[in-house]
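What follows is a short report on a single structure.
The values are calculated or read from the model by the stated rules, or taken from the named source; none is laboratory data. For clarity, every value in this text was computed on a predicted model and none was experimentally measured. Virtual Cβ from ideal backbone geometry, glycine too; neighbours counted across all protein chains shown. Note: areas computed on protein heavy atoms with side chains; ligands, DNA, RNA excluded. Shrake-Rupley method; radii C 1.70, N 1.55, O 1.52, S 1.80 Å.
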Amino acid sequence: MNKPPRILVLGTGGTIAGAAGSATDAAYRPGGLALEVLVGHLAALGLVAEIVPQEVARIGSQDIGFAEWQALHAACAGALGDPAIDGVIITHGTDTAEETGFLLDLTLPTTKPVVLVGAMRPADAVGADGMRNFANAVKVASEPAAAGRGVMLVMGDAVLAARDARKAATSAIDAFRSFPRGPLARVTPAGIDWFGPPHRPKQQARYPFPQALPRVAILTAGAGMDEKPVEALLGIGCRGVVLAGMGQGNAPASVIAALSEAARSGIPVVRSTRVDEGLVDRNVEVDDDGQGLVAARALGPARARVLLMVLIANGICDAAAVQAAFDGA
Ligand code: GLU
(Lines give C-alpha, C1' and ligand atoms only; values in the text may rest on other atoms or scores of the structure.)
Protein backbone atom coordinates (compact mmCIF):
# COMPACT_ATOMS: atom_id res chain seq x y z
CA MET A 1 0.00 0.00 0.00
CA ASN A 2 1.21 3.55 -0.79
CA LYS A 3 2.30 5.64 2.16
CA PRO A 4 -0.22 8.40 3.03
CA PRO A 5 0.96 11.92 2.11
CA ARG A 6 2.77 13.73 4.91
CA ILE A 7 1.62 17.33 5.30
CA LEU A 8 3.27 20.00 7.44
CA VAL A 9 0.53 22.19 8.99
CA LEU A 10 1.76 25.57 10.20
CA GLY A 11 -0.73 27.23 12.55
CA THR A 12 -0.94 31.01 12.88
CA GLY A 13 -4.45 31.52 14.33
CA GLY A 14 -7.34 33.41 12.76
CA THR A 15 -11.00 32.51 12.74
CA ILE A 16 -10.26 28.93 11.66
CA ALA A 17 -8.74 28.60 15.14
CA GLY A 18 -11.29 30.92 16.76
CA ALA A 19 -13.90 30.14 19.38
CA ALA A 20 -16.84 32.24 20.56
CA GLY A 21 -17.83 30.06 23.48
CA SER A 22 -21.39 30.08 22.07
CA ALA A 23 -22.73 28.89 18.75
CA THR A 24 -24.45 32.20 17.99
CA ASP A 25 -22.23 34.89 19.56
CA ALA A 26 -20.90 37.57 17.21
CA ALA A 27 -17.84 38.33 19.35
CA TYR A 28 -15.00 35.81 19.42
CA ARG A 29 -11.27 35.49 19.82
CA PRO A 30 -9.38 34.57 16.63
CA GLY A 31 -6.60 32.10 17.30
CA GLY A 32 -8.07 30.90 20.62
CA LEU A 33 -7.78 27.21 19.72
CA ALA A 34 -4.48 25.32 19.79
CA LEU A 35 -3.41 23.80 16.48
CA GLU A 36 -3.46 20.34 18.10
CA VAL A 37 -7.22 20.75 18.74
CA LEU A 38 -7.86 21.64 15.10
CA VAL A 39 -5.74 18.75 13.87
CA GLY A 40 -7.58 16.44 16.29
CA HIS A 41 -10.92 17.45 14.73
CA LEU A 42 -9.41 16.77 11.32
CA ALA A 43 -8.43 13.22 12.28
CA ALA A 44 -12.12 12.50 12.92
CA LEU A 45 -12.89 13.28 9.24
CA GLY A 46 -11.00 10.17 8.15
CA LEU A 47 -8.70 11.89 5.65
CA VAL A 48 -5.83 9.78 4.34
CA ALA A 49 -2.90 12.02 5.28
CA GLU A 50 -0.33 12.18 8.01
CA ILE A 51 -0.41 15.64 9.60
CA VAL A 52 2.71 17.17 11.14
CA PRO A 53 1.52 20.18 13.20
CA GLN A 54 3.76 23.14 14.02
CA GLU A 55 2.37 26.20 15.74
CA VAL A 56 3.99 29.45 14.56
CA ALA A 57 1.57 31.85 16.27
CA ARG A 58 -1.95 31.98 17.66
CA ILE A 59 -3.09 35.46 16.64
CA GLY A 60 -5.61 37.35 14.55
CA SER A 61 -3.94 37.96 11.21
CA GLN A 62 -4.32 41.74 11.57
CA ASP A 63 -1.33 41.38 13.95
CA ILE A 64 0.83 39.31 11.62
CA GLY A 65 4.11 40.85 10.56
CA PHE A 66 7.72 40.30 9.67
CA ALA A 67 8.58 37.91 12.54
CA GLU A 68 5.75 35.50 11.65
CA TRP A 69 6.44 35.83 7.92
CA GLN A 70 10.10 35.01 8.50
CA ALA A 71 9.16 31.95 10.60
CA LEU A 72 6.62 30.78 7.99
CA HIS A 73 9.07 31.23 5.14
CA ALA A 74 11.80 29.30 6.97
CA ALA A 75 9.41 26.45 7.84
CA CYS A 76 8.06 26.26 4.27
CA ALA A 77 11.54 26.37 2.73
CA GLY A 78 12.61 23.57 5.09
CA ALA A 79 9.58 21.46 4.15
CA LEU A 80 10.11 22.00 0.42
CA GLY A 81 13.64 20.66 0.83
CA ASP A 82 12.60 17.73 3.03
CA PRO A 83 11.87 14.55 1.04
CA ALA A 84 9.66 13.31 3.92
CA ILE A 85 7.14 16.17 3.48
CA ASP A 86 4.73 16.22 0.51
CA GLY A 87 2.99 19.54 1.02
CA VAL A 88 2.44 22.45 3.39
CA ILE A 89 -0.74 24.00 4.83
CA ILE A 90 -0.79 27.32 6.67
CA THR A 91 -3.88 27.99 8.78
CA HIS A 92 -4.37 31.76 8.72
CA GLY A 93 -6.80 34.54 9.49
CA THR A 94 -8.52 35.80 6.39
CA ASP A 95 -7.87 39.53 6.96
CA THR A 96 -4.29 39.39 5.72
CA ALA A 97 -4.22 35.99 3.99
CA GLU A 98 -3.60 37.81 0.73
CA GLU A 99 -0.47 39.49 2.05
CA THR A 100 1.07 36.35 3.59
CA GLY A 101 0.08 34.24 0.58
CA PHE A 102 1.57 36.63 -1.96
CA LEU A 103 4.76 37.24 0.06
CA LEU A 104 5.40 33.48 0.20
CA ASP A 105 4.41 33.13 -3.46
CA LEU A 106 7.14 35.62 -4.39
CA THR A 107 9.81 34.02 -2.20
CA LEU A 108 9.31 30.22 -2.38
CA PRO A 109 9.98 27.67 -5.11
CA THR A 110 6.94 25.99 -6.64
CA THR A 111 8.15 22.43 -6.25
CA LYS A 112 5.50 21.27 -3.71
CA PRO A 113 2.03 22.53 -2.87
CA VAL A 114 1.87 25.34 -0.30
CA VAL A 115 -1.71 26.16 0.69
CA LEU A 116 -3.16 28.85 2.95
CA VAL A 117 -6.53 28.10 4.50
CA GLY A 118 -8.85 30.17 6.66
CA ALA A 119 -12.45 30.35 7.75
CA MET A 120 -15.10 33.00 8.13
CA ARG A 121 -16.94 31.50 11.11
CA PRO A 122 -15.34 30.43 14.39
CA ALA A 123 -15.01 26.72 15.05
CA ASP A 124 -17.96 26.60 17.47
CA ALA A 125 -20.39 28.75 15.39
CA VAL A 126 -23.47 27.38 13.63
CA GLY A 127 -22.42 26.50 10.08
CA ALA A 128 -18.69 26.79 10.84
CA ASP A 129 -16.71 26.53 7.60
CA GLY A 130 -13.26 25.84 9.05
CA MET A 131 -13.21 22.04 9.00
CA ARG A 132 -14.56 21.84 5.46
CA ASN A 133 -11.95 24.34 4.27
CA PHE A 134 -9.22 22.53 6.22
CA ALA A 135 -10.24 19.16 4.77
CA ASN A 136 -10.17 20.66 1.27
CA ALA A 137 -6.72 22.14 1.96
CA VAL A 138 -5.47 18.69 3.00
CA LYS A 139 -6.74 17.26 -0.29
CA VAL A 140 -5.00 20.01 -2.29
CA ALA A 141 -1.71 19.85 -0.35
CA SER A 142 -1.67 16.05 -0.77
CA GLU A 143 -2.03 16.17 -4.53
CA PRO A 144 1.18 16.16 -6.65
CA ALA A 145 -0.71 17.99 -9.45
CA ALA A 146 -1.08 20.95 -7.08
CA ALA A 147 2.66 21.72 -7.35
CA GLY A 148 3.86 24.28 -9.90
CA ARG A 149 1.00 26.71 -9.32
CA GLY A 150 2.60 28.99 -6.72
CA VAL A 151 1.16 29.46 -3.25
CA MET A 152 -2.59 28.81 -3.18
CA LEU A 153 -5.51 29.83 -0.99
CA VAL A 154 -8.30 27.37 -0.30
CA MET A 155 -11.63 28.86 0.81
CA GLY A 156 -14.80 26.84 0.48
CA ASP A 157 -14.37 24.54 -2.49
CA ALA A 158 -12.34 27.07 -4.49
CA VAL A 159 -8.57 26.93 -4.97
CA LEU A 160 -7.21 30.41 -5.77
CA ALA A 161 -3.71 31.51 -6.75
CA ALA A 162 -2.31 33.77 -3.99
CA ARG A 163 -1.16 36.08 -6.77
CA ASP A 164 -4.79 36.70 -7.76
CA ALA A 165 -6.74 36.35 -4.50
CA ARG A 166 -8.25 39.10 -2.38
CA LYS A 167 -10.72 39.31 0.47
CA ALA A 168 -13.82 40.99 -0.95
CA ALA A 169 -16.41 40.54 1.81
CA THR A 170 -16.15 41.22 5.54
CA SER A 171 -18.35 38.42 6.82
CA ALA A 172 -19.83 36.34 3.99
CA ILE A 173 -18.60 32.73 3.89
CA ASP A 174 -17.77 33.18 0.20
CA ALA A 175 -15.40 36.05 1.01
CA PHE A 176 -12.61 35.72 -1.55
CA ARG A 177 -12.42 36.70 -5.20
CA SER A 178 -9.75 36.03 -7.78
CA PHE A 179 -8.63 38.42 -10.54
CA PRO A 180 -7.61 38.47 -13.36
CA ARG A 181 -7.70 34.68 -13.33
CA GLY A 182 -10.60 32.81 -11.81
CA PRO A 183 -10.04 29.85 -9.47
CA LEU A 184 -7.31 27.36 -10.41
CA ALA A 185 -9.45 24.43 -9.31
CA ARG A 186 -12.53 23.32 -7.46
CA VAL A 187 -12.52 20.62 -4.81
CA THR A 188 -15.31 18.13 -5.40
CA PRO A 189 -16.41 15.12 -3.34
CA ALA A 190 -14.67 12.94 -5.94
CA GLY A 191 -11.36 14.80 -6.13
CA ILE A 192 -9.93 18.05 -7.45
CA ASP A 193 -10.99 19.52 -10.76
CA TRP A 194 -8.00 21.54 -12.10
CA PHE A 195 -8.94 24.06 -14.77
CA GLY A 196 -5.53 23.97 -16.46
CA PRO A 197 -1.99 22.57 -16.18
CA PRO A 198 0.50 23.99 -13.65
CA HIS A 199 1.40 27.50 -14.89
CA ARG A 200 4.68 27.76 -12.91
CA PRO A 201 6.15 24.23 -12.97
CA LYS A 202 9.39 23.63 -11.01
CA GLN A 203 10.20 27.33 -10.61
CA GLN A 204 12.79 28.59 -8.17
CA ALA A 205 11.91 31.43 -5.78
CA ARG A 206 11.43 34.65 -7.73
CA TYR A 207 13.01 36.78 -4.98
CA PRO A 208 15.18 36.00 -1.96
CA PHE A 209 13.28 36.39 1.31
CA PRO A 210 14.22 39.84 2.69
CA GLN A 211 16.35 40.34 5.84
CA ALA A 212 13.94 43.13 6.81
CA LEU A 213 11.01 44.88 5.18
CA PRO A 214 11.09 48.60 4.38
CA ARG A 215 8.30 50.94 5.44
CA VAL A 216 5.87 51.15 2.51
CA ALA A 217 2.55 52.92 2.97
CA ILE A 218 -0.77 52.66 1.16
CA LEU A 219 -2.30 56.09 0.53
CA THR A 220 -6.01 55.96 -0.29
CA ALA A 221 -7.17 58.76 -2.58
CA GLY A 222 -10.35 60.67 -1.72
CA ALA A 223 -12.19 63.44 -3.51
CA GLY A 224 -11.05 66.89 -2.45
CA MET A 225 -7.84 65.72 -0.74
CA ASP A 226 -4.60 67.65 -1.06
CA GLU A 227 -0.92 66.67 -1.17
CA LYS A 228 -0.30 66.98 2.61
CA PRO A 229 -0.72 63.23 3.31
CA VAL A 230 2.03 62.50 0.76
CA GLU A 231 4.34 64.92 2.56
CA ALA A 232 3.42 63.29 5.89
CA LEU A 233 4.29 59.81 4.57
CA LEU A 234 7.64 60.97 3.28
CA GLY A 235 8.17 62.75 6.60
CA ILE A 236 7.94 59.46 8.54
CA GLY A 237 10.51 57.84 6.27
CA CYS A 238 8.43 55.78 3.85
CA ARG A 239 10.72 54.11 1.33
CA GLY A 240 7.89 53.48 -1.12
CA VAL A 241 4.24 54.46 -1.60
CA VAL A 242 1.29 52.56 -3.06
CA LEU A 243 -1.56 54.79 -4.18
CA ALA A 244 -4.99 53.22 -3.73
CA GLY A 245 -6.29 55.59 -6.34
CA MET A 246 -9.71 56.33 -7.74
CA GLY A 247 -10.73 54.38 -10.83
CA GLN A 248 -7.65 53.55 -12.90
CA GLY A 249 -5.33 54.69 -10.09
CA ASN A 250 -6.17 58.39 -10.26
CA ALA A 251 -5.80 61.14 -7.64
CA PRO A 252 -6.17 64.92 -7.61
CA ALA A 253 -3.47 66.73 -9.64
CA SER A 254 -1.70 68.10 -6.55
CA VAL A 255 -1.40 64.55 -5.13
CA ILE A 256 -0.03 63.15 -8.39
CA ALA A 257 2.45 66.04 -8.53
CA ALA A 258 3.65 65.30 -4.96
CA LEU A 259 3.93 61.58 -5.72
CA SER A 260 5.84 62.37 -8.89
CA GLU A 261 8.29 64.49 -6.90
CA ALA A 262 8.74 61.59 -4.46
CA ALA A 263 9.38 59.23 -7.40
CA ARG A 264 12.02 61.60 -8.78
CA SER A 265 13.75 61.60 -5.40
CA GLY A 266 14.10 57.80 -5.52
CA ILE A 267 10.95 56.69 -3.62
CA PRO A 268 9.14 54.25 -5.92
CA VAL A 269 5.44 55.06 -6.28
CA VAL A 270 2.98 52.43 -7.53
CA ARG A 271 -0.51 53.39 -8.65
CA SER A 272 -3.10 50.78 -7.66
CA THR A 273 -6.83 51.34 -7.21
CA ARG A 274 -9.35 51.66 -4.38
CA VAL A 275 -11.86 50.00 -6.74
CA ASP A 276 -12.41 46.37 -5.76
CA GLU A 277 -11.44 44.84 -9.08
CA GLY A 278 -9.74 45.78 -12.34
CA LEU A 279 -6.49 46.59 -14.08
CA VAL A 280 -4.50 49.79 -13.63
CA ASP A 281 -2.58 50.34 -16.84
CA ARG A 282 0.18 52.78 -17.69
CA ASN A 283 -0.44 56.22 -19.17
CA VAL A 284 -4.25 56.08 -19.26
CA GLU A 285 -5.18 59.31 -17.41
CA VAL A 286 -1.87 59.70 -15.57
CA ASP A 287 1.32 60.29 -17.59
CA ASP A 288 3.38 57.56 -15.91
CA ASP A 289 6.23 57.96 -18.39
CA GLY A 290 6.50 61.69 -17.69
CA GLN A 291 5.89 61.46 -13.92
CA GLY A 292 8.11 58.45 -13.18
CA LEU A 293 5.25 56.39 -11.75
CA VAL A 294 4.48 52.65 -11.88
CA ALA A 295 1.13 51.01 -12.71
CA ALA A 296 0.11 48.10 -10.45
CA ARG A 297 -1.70 46.23 -13.27
CA ALA A 298 -3.91 43.56 -11.62
CA LEU A 299 -2.56 43.88 -8.07
CA GLY A 300 -4.80 45.57 -5.50
CA PRO A 301 -3.18 47.84 -2.90
CA ALA A 302 -2.39 45.14 -0.28
CA ARG A 303 -0.58 42.85 -2.71
CA ALA A 304 1.04 45.79 -4.53
CA ARG A 305 2.53 46.87 -1.18
CA VAL A 306 3.91 43.35 -0.58
CA LEU A 307 5.60 43.27 -3.97
CA LEU A 308 6.98 46.79 -3.56
CA MET A 309 8.41 45.93 -0.11
CA VAL A 310 10.11 42.83 -1.55
CA LEU A 311 11.51 44.81 -4.50
CA ILE A 312 12.89 47.65 -2.34
CA ALA A 313 14.35 45.12 0.12
CA ASN A 314 16.14 43.53 -2.83
CA GLY A 315 17.49 46.89 -4.04
CA ILE A 316 15.03 47.26 -6.94
CA CYS A 317 13.80 50.88 -6.82
CA ASP A 318 14.17 52.21 -10.36
CA ALA A 319 10.72 52.91 -11.87
CA ALA A 320 11.36 50.87 -15.04
CA ALA A 321 12.61 47.86 -13.06
CA VAL A 322 9.70 48.11 -10.60
CA GLN A 323 7.27 48.32 -13.53
CA ALA A 324 8.85 45.25 -15.12
CA ALA A 325 8.35 43.34 -11.85
CA PHE A 326 4.69 44.37 -11.66
CA ASP A 327 4.20 43.44 -15.33
CA GLY A 328 5.67 40.00 -14.67
CA ALA A 329 4.10 39.38 -11.26
N1 GLU B 1 -9.41 39.28 11.99
C2 GLU B 1 -9.11 37.90 12.22
C3 GLU B 1 -8.01 37.39 11.32
O4 GLU B 1 -7.82 37.79 10.20
C5 GLU B 1 -10.30 37.03 12.07
C6 GLU B 1 -10.90 37.07 10.69
C7 GLU B 1 -10.75 35.75 9.97
O8 GLU B 1 -9.91 34.92 10.24
O9 GLU B 1 -11.57 35.58 9.10
O10 GLU B 1 -7.30 36.53 11.78
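General observations
- For Thr220, the residues whose amide H sits under 5 Å from its own are Ala244, ignoring neighbours fewer than 5 places away on the same chain, with H placed 1.01 Å from N.
- Taking a ≥ b ≥ c as the square roots of the eigenvalues of the alpha-carbon gyration tensor, the chain is classed prolate because a/c is 1.5 or more and a/b outweighs b/c.
- Relative contact order (%) - criterion: Cα under 8 Å, at least six apart; region: the stretch 141-235: 22 percent
- Each Lys and Arg contributes +1 and each Asp and Glu -1, all at the Cβ; summed about the Cα centre of the chain, the dipole is approximately 540 debye.
- Proximal aspartates and glutamates to Lys228, defined as alpha-carbon separation beneath 16 angstrom and excluding residues fewer than eight positions away on the same chain: Glu261
- Relative contact order (percent, whole number), the chain, Cα cutoff 8 Å, 6+ residue spacing: 14 percent
- Local net charge near Gly127, Cβ-Cβ under 13 Å (Lys/Arg +1, Asp/Glu -1): -1
- A simple count of charges around Ala296, restricted to other residues whose Cβ falls under 9 Å of its Cβ and scoring Lys, Arg +1 and Asp, Glu -1, yields +3.
- Ordering of 15-25, 179-189, 227-237, 156-166 by burial proxy (mean other Cβ atoms within 10 Å per residue, highest first): 156-166, 15-25, 179-189, 227-237
- At 0.890 mPa s and 25 °C, Stokes diffusion of the stretch 1-97 via Kirkwood alpha-carbon radius, µm² per second: 172 µm²/s
- Percent accessible area from carbon and sulfur atoms, the chain, protein chains only, probe 1.4 Å: 54 percent
- Calculated P(r) of the stretch 54-200 - Cα pairs past 23 Å, %: 29 percent
- Prolate/oblate/rounded call for the stretch 89-156, Cα gyration tensor, a/c under 1.5 rounded: oblate
- The lysines within cross-link reach of Lys139, meaning a Cα-to-Cα straight distance under 23 Å and a gap of 8 or more places when in the same chain, are Lys3, Lys112, Lys167, Lys202.
- The stretch 226-329: C-alpha gyration tensor shape, a/c 1.5 cut-off, then a/b vs b/c: rounded
- Simple point charges give the picture: +1 on the Cβ of Lys and Arg, -1 on the Cβ of Asp and Glu, and for the stretch 46-98 a dipole about the Cα centre of about 60 debye.
- Accessible-area order (highest first, 1.4 angstrom probe) of the listed residues Glu285, Glu36: Glu285, Glu36
- For the chain, the solvent-accessible area with a 1.4 angstrom probe is 41 square angstrom per residue.
- Other-chain or far-sequence residues with amide H under 5 Å of Glu50's (modelled H): Arg6, Ile7
- Dipole of the stretch 15-104 computed with +1 at Lys/Arg Cβ and -1 at Asp/Glu Cβ about the Cα centre; of Ala44, Ile59, Ile89, farthest Cα towards the positive end is Ala44.
- A Cβ-based charge dipole, computed about the Cα centre of the stretch 198-307 with Lys and Arg at +1 and Asp and Glu at -1, lands at about 720 debye.
- Relative contact order, whole percent, for the stretch 233-317 stands at 32, derived from Cα pairs under 8 Å and 6 or more residues apart.
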